[in-house]
Amino acid sequence: MKIITGSDLRTGDVIWWTGEGWSRHVNDAVEAGEHAEAIIARENAKQIVTDTQVIEATRTDDGVRPAHIKDRIRALGPTVRLDLSLKPADTDAGTWVI
Amino acid sequence: MVEQTLRFRDDEPVGDPAVTVDAFADQSNATAVRIEPGDDARALLPHLDRLALVEVNFPAYTDGRGYSAARILREHGYAGELRAVGDVLLDQLSHMRRCGFDSFAPNQAISAQAAEKAFATWPEVYQKTVDGRPAIWAKRHPA
Amino acid sequence: MYQYDQYDQAMVDARVAEFRDQVERRLAGDISEDQFKPLRLKNGLYLQLHAYMLRVAIPYGTLSSRQMRMLGDIADKYDRGYGHFTTRQNIQYNWIKLQDAPDILADLASVEMHAIQTSGNCIRNTTSDQFAGAAADELVDPRPYAELLRQWSTFHPEFDYLPRKFKIAIIGSETDRAAMKLHDIGIQLVQNDAGEIGCKFYVGGGMGRTPMIAPVIGDFVPPLQMISYLEACLRVYNRYGRRDNKYKARIKILVHEIGADEYRRQVEEEFKHILTLGLEPPAAELERIKGFFEQPGFDANASDELDLSDPDFALWVDQNVHAHKQPGYAIVNISLKPVGGIPGDATADQIRLMADLALEHSFDELRVTHAQNIVLPHVKKADLYGLWQKLDEAGLASANLDLIGDIIACPGLDYCALANARSIPVAQKISERFADLGRQRELGELKLKISGCINACGHHHAGHIGILGVDRKGVENYQLLLGGCEGADTSLGTITGPGFNEDGIVDAVEKATDVYLAKRAEGERFVDTFRRIGMAPFKEAIYAKETANG
Ligand code: HEM
Ligand code: SF4
């Protein structure tokens with residue numbers, strides 16, 4: 001699937017397009033469909049997101065997993081500081097990145 | 001692209017169109033020339049007294065060669081109009097002024113008011129350049 | 001230490017105001033990201049993988065305890081309680097919000113600090129010897145010259161849009177602790193036969209994808225012409241450096257392509273012209289600055305005696321404490337490389353503790369080193385034991401300076417948007433593999449440096465052992481380099497051969513150290529043995545049987 005990601009302009013937080021708005025959790029990401037470019041153009045114009053792009057991902061039983069390791073690390077947080085990641089309680093969280 | 005020139009000189013603007021450096025070399029009566037980033041500003045040095053306008057083109061604001069070109073001309077005594085043209089943005093104006101530009105023809109219009117504010121960005125300057133402002137070191141050690 | 005006067009303060013205050021205005025314009029939607037990006041980069045604000053990252057300048061790596069404490073407070077107030085000290089003697093914060101950035105710059109300005117020109121194609125923060133003003137082998141203290149450089153390069157109107165970034169290092173000792181020849185310009189303060197001081201200019205060094213060692217361009221420039229000579233070097237580069245390809249835009253490529261002799265000729269010509277313009281700050285300005293770097297009030301009766309009966313303390317003294325030019329004093333290196341830790345990271349509490357210790361024991365001064373460690377430059381030997389105990393309690397007493405555990409690593413793919421592979425986990429695994437300090441000391445001086453991509457922020461070219469992260473069809477892969485070195489005998493590492501996965505690279509490093517142990521001659525460091533016996537024996541051992549490479 002193709003999903004849209006970007007960064008929150010004010011906070012820099014990693015965000016994912018949910019079909020209606022933006023979420024900090026990759027599992028909320030939805031198939032962007034053929035209107036991805038239009039969505040990006042519209043959202044960029046609102047000046048609340050930045051660095052938006054369409055990326056490859058797959059939906060697995062565990063949730064949405066970006067194809068590229070860089071995006072998986074963005075989705076989780078630094079693998080060397082899992083305490084600061086989006087899954088601070090899950091000590092195995094690093095394993096789905098690699 | 002609207003031609004909108006900000007001028008910080010009191011003399012009359014030059015009416016002649018600016019010619020390329022190559023054309024200038026062949027035309028003994030031209031008084032205005034346009035320097036592209038790859039041109040050597042020093043080629044103009046023998047002709048400074050007959051020049052009234054030098055345009056320095058910035059095709060992209062990130063190409064900083066024009067700053068050196070401007071300073072070289074001023075350092076050698078050029079007193080005519082020195083105009084920055086092209087991708088000239090508000091946030092670069094104060095540095096351009098410090099390098100000797102005294103007129104600006106930006107692709108995207110800049111208001112005179114915004115330009116004045118930009119020139120006032122730095123209350124002091126660390127370097128001596130060609131704009132006559134005393135460097136901080138000169139103020140610390142008045143002659 | 002240098003202290004701002006009203007002029008210096010006015011400059012940083014103006015910068016805060018300017019950036020506040022730019023951020024407001026961006027948040028209001030008045031300027032686009034394309035227009036804003038170069039403006040925020042000029043203030044060291046990047047957008048990284050997880051958030052904005054702020055790079056704060058630490059001019060020539062020197063800090064007062066008040067400044068250091070502010071760095072800790074910023075980590076708590078605006079970040080997530082830690083910071084990352086870098087090979088450029090700066091600090092980076094990883095979790096910054098754009099809306100907070102102007103306030104952070106204001107907090108920095110309140111302690112005479114800033115993030116000016118920590119990014120962009122301009123003259124970056126000048127680096128220097130972390131032992132400046134303290135080293136026993138020092139000829140001239142480089143800090144006053146570095147401060148002169150800081151002021152000259154700040155908001156230089158002609159050189160803000162160079163072909164590429166520009167990094168200057170300056171040293172005043174025979175021993176080069178700043179990797180001076182791997183900078184765009186390296187300046188070494190030297191003495192001639194008449195006993196006069198001069199600047200030896202090395203121009204056109206660098207790392208990145210085309211590492212080069214800088215040739216000498218100016219043999220002996222009088223100190224009171226240093227700024228004019230720099231103007232000449234930079235002007236030739238600004239006019240003729242390549243702008244058609246950003247990978248060929250550094251000054252090293254210009255010097256390489258036209259040759260050092262031709263570059264020197266052009267610089268000399270420009271220099272002659274510039275000398276007529278009176279751009280050089282007067283001698284009185286250099287004297288004024290020197291006044292800030294006078295020797296601290298050392299105790300002339302301080303004793304050189306040290307009680308080394310505590311073996312752990314003795315080990316730390318042997319490894320991490322350096323000779324000071326003043327009898328009874330020593331230079332303390334605080335390693336930010338605990339076993340399994342993240343090289344260069346320090347928590348807000350650790351940062352504040354180091355600030356307190358500097359106030360109490362080091363005449364209020366700290367330094368950041370290009371090896372991502374912290375230095376307390378002027379510690380009384382009598383204070384060492386108490387100091388060590390406090391460091392130890394805070395996890396800051398790793399006795400591994402310049403050993404294999406003292407790894408340099410860039411942020412890599414855990415944080416960096418440009419990365420191909422993660423650097424930190426590799427550093428952690430290697431430091432765990434060699435956790436035993438006795439084993440590390442047996443291996444002796446061994447500089448291991450890791451970069452997560454070809455940009456070489458982790459100096460992998462200059463590591464006795466270097467590791468470079470690459471992307472092999474979407475999978476992290478690591479190349480091994482041997483034989484790099486910085487300092488007087490600067491050399492660039494050579495790639496051993498095919499790359500490895502994360503575990504494979506740790507094994508390969510271990511095999512390389514085994515070859516060294518087996519082949520070394522008396523007194524040889526790893527890099528010396530490598531230079532003597534060459535790549536073949538290492539290659540043979542590393543690729544011996546087909547290990548499962550990733
Ligand atoms: C995290 C954001 C960073 C980015 C985007 C970044 C980007 C770059 C790039 C593009 C280059 C190559 C320049 C060239 O070859 O022309 C480079 C080189 C370098 N960077 Fe970084 N870097 C980052 C972090 C760091 C850190 C954390 C350090 C210190 C640990 C550092 C220190 C250096 C050094 C020493 C070099 C090589 C020296 C040279 O300029 O030739 N950078 N960086
Ligand atoms: S070397 Fe590459 S991965 Fe490492 S910090 Fe520099 S740009 Fe990022």
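The values are calculated or read from the model by the stated rules, or taken from the named source; none is laboratory data. Note that this is a predicted model, so its numbers are computed, not measured. Because the Cβ atoms are built from the backbone with ideal geometry, glycine has one as well, and the counts that use them run over all protein chains shown.
Just wondering, is there one or more residues in the range C:331-352 that are within 16 Å of ligand 2 (Cβ to nearest atom) and either touching a Ser or Thr at 6+ places or on another chain (Cβ under 9 Å) or in a helix (DSSP H, G or I) (or both)?
Looking through the range C:331-352, at least one residue is within 16 Å of ligand 2 (Cβ to nearest atom) and either touching a Ser or Thr at 6+ places or on another chain (Cβ under 9 Å) or in a helix (DSSP H, G or I) (or both).
Which residues, counting only those in the range C:418-435, are within 16 Å of ligand 1 (Cβ to nearest atom) and among the hydroxyl-bearing types (S, T, Y)?
Result: C:S423, single match.
Return yes or no: is B:Q127 of a type in the set (S, T, N, Q) and within 26 Å of C:Q151 (Cβ to Cβ)?
Yes, satisfied.
Can you list the strands (runs of 3 or more DSSP E) lying wholly within the range C:57-104 that have 2 or more residues being more than 27 Å from A:S7 (Cβ to Cβ) and outside the structural domain of C:M354 (by TED's automatic domain parsing)?
Output list reads C:62-64.
How many residues are more than 7 Å from ligand 2 (Cβ to nearest atom), among the small types (G, A, S) and either over 14 Å from the mean Cα position of the chain (by Cα) or more than 13 Å from chain A (Cβ to nearest Cβ) (or both) if we restrict to the range C:405-417?
2
Looking at (1) more than 9 Å from every other protein chain (Cβ to nearest Cβ); (2) over 25 Å from C:L418 (Cβ atoms), which is the one condition that is false for A:Q47?
A:Q47 satisfies all of (1) more than 9 Å from every other protein chain (Cβ to nearest Cβ); (2) over 25 Å from C:L418 (Cβ atoms) except (1).
At negative phi and within 13 Å of ligand 2 (Cβ to nearest atom): is that true of C:I450 in this structure?
Yes.
Select from the range C:423-447 the residues that are within 16 Å of ligand 2 (Cβ to nearest atom), closer than 15 Å to C:I404 by Cβ and among the hydroxyl-bearing types (S, T, Y) and list them in ascending order.
Within the range C:423-447, none qualify.
Could you tell me how many of the residues in the range C:230-253 are touching a residue at least 40 places away in the same chain (Cβ under 8 Å) and either more than 9 Å from every other protein chain (Cβ to nearest Cβ) or within 22 Å of C:T126 (Cα to Cα) (or both)?
16
In the range C:403-417, which residues are assigned to a loop (DSSP other than H, G, I, E, B), within 14 Å of ligand 1 (Cβ to nearest atom) and among the hydrophobic types (A, V, I, L, M, F, W, C)?
C:I407, C:C410, C:C416, C:A417
Cβ-Cβ under 8 Å, sequence separation 6+ or interchain: first residue in the range C:71-100 and within 13 Å of chain A (Cβ to nearest Cβ) and of a type in the set (D, E, K, R), partner assigned to a loop (DSSP other than H, G, I, E, B) and within 16 Å of ligand 1 (Cβ to nearest atom). Which pairs?
Partner pairs satisfying both residue conditions: C:K97/A:G12; C:K97/C:A51.
Quick one: C:N301 ticks every box in (1) surrounded by 12 or more Cβ atoms within 10 Å (Cβ to Cβ); (2) modelled with pLDDT of 95 or more; (3) not hydrophobic (A, V, I, L, M, F, W, C) bar one, so which box is it?
(1)
Quick one: which strands (runs of 3 or more DSSP E) lie wholly within the range C:159-241 and hold at least 1 residues that are crowded, with 20+ Cβ neighbours inside 10 Å, more than 16 Å from ligand 2 (Cβ to nearest atom) and of a type in the set (F, W, Y)?
C:197-203
Determine which member of the set C:N400, C:N420 is near ligand 2 (Cβ under 9 Å from one of its atoms), assigned to a loop (DSSP other than H, G, I, E, B) and not hydrophobic (A, V, I, L, M, F, W, C).
C:N420
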